[in-house]
1. I need every pair where a residue in the stretch 3-27 that is more than 23 Å from Glu130 (Cβ to Cβ) has its Cβ under 6 Å from the Cβ of a residue that is outside any helix (DSSP H, G or I) and charged (D, E, K, R), sequence separation at least 6 or different chains.
2. Hand me the list of strands (runs of 3 or more DSSP E) wholly inside the stretch 36-149 holding 1 or more residues that are among the hydrophobic types (A, V, I, L, M, F, W, C) and modelled with pLDDT under 90.
3. Please state which one of Leu75, Leu33, Leu88, Leu41 is among the hydrophobic types (A, V, I, L, M, F, W, C) and touching a residue at least 60 places away in the same chain (Cβ under 8 Å).
4. How many residues are closer than 30 Å to Ala86 by Cβ, of a type in the set (S, T, N, Q) and not in a helix (DSSP H, G or I) if we restrict to the stretch 1-35?
5. For Asp56, are the conditions met, namely being in contact (Cβ under 8 Å) with a residue 12 or more places away in the chain and among the acidic types (Asp, Glu)?
6. Can you tell me which residue among Lys67, Lys96, Lys82, Lys121 is surrounded by 12 or more Cβ atoms within 10 Å (Cβ to Cβ), at negative phi and among the charged types (D, E, K, R)?
Amino acid sequence: MKISITEKVTTAIVRGSKGYEQWNNQHHLPDYLAMILYELLMRQELTQKELTKLSDMPKQSINKGIKLLQKQGYLALKVNPKDKRAKLCHLTPEGKKYAQKKMQPLFDLEEKTAQEMGAAKMKQLLDLTEEWNQIFFKYLAMQEEEDNA
């Protein structure tokens, strides 16, 4: 049975995601905690809604992670000056140390991978992945509209 290029691409995308799941398991981090730590290290502060959208994880999982990190003193909330109803999540100084310690092995792994691939291939990978996602989600939305019609 011949596998189409589309099936190969899909398998590669899924396999890449599984790599992050495997890393999280090896480092004893639930996916939702790894995602929160990763995103807050990169972006400094985000609302719960933004974290949910970026991670594509259930709101309940992100909320669970926020509460856990708050309880440990690693995460704090502050009022969003742009929207008083929303609170911004940010890592405390202790939380930044914890997140850096937990996530640095992943950053190192990503950097080694990127270095081996080279800048040109990394740019091409980014461009093609973004284009794939844009087209895929366009057709997914159209399919959903048809299913609901």
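1. none
2. Numbers: elements: 45-47, 75-80, 83-91.
Ranges flagged: 75-80, 83-91.
3. On the way: Leu75 fails: touching a residue at least 60 places away in the same chain (Cβ under 8 Å); Leu33 fails: touching a residue at least 60 places away in the same chain (Cβ under 8 Å); Leu88 fails: touching a residue at least 60 places away in the same chain (Cβ under 8 Å).
Result: Leu41 is the single residue among Leu75, Leu33, Leu88, Leu41 that is among the hydrophobic types (A, V, I, L, M, F, W, C) and touching a residue at least 60 places away in the same chain (Cβ under 8 Å).
4. 0
5. Values: in contact (Cβ under 8 Å) with a residue 12 or more places away in the chain: no; among the acidic types (Asp, Glu): yes.
Considered against the rule, which asks whether it is in contact (Cβ under 8 Å) with a residue 12 or more places away in the chain and among the acidic types (Asp, Glu), Asp56 comes out as no.
6. Working: Lys67 fails: surrounded by 12 or more Cβ atoms within 10 Å (Cβ to Cβ); Lys82 fails: surrounded by 12 or more Cβ atoms within 10 Å (Cβ to Cβ); Lys121 fails: surrounded by 12 or more Cβ atoms within 10 Å (Cβ to Cβ).
Going through Lys67, Lys96, Lys82, Lys121 in turn, just one is surrounded by 12 or more Cβ atoms within 10 Å (Cβ to Cβ), at negative phi and among the charged types (D, E, K, R): Lys96.
The values are calculated or read from the model by the stated rules, or taken from the named source; none is laboratory data. Not measured: the values here are computed from a predicted model. Ideal geometry is used to build each Cβ from the backbone, glycine not excepted, and the neighbour counts take in all protein chains shown.
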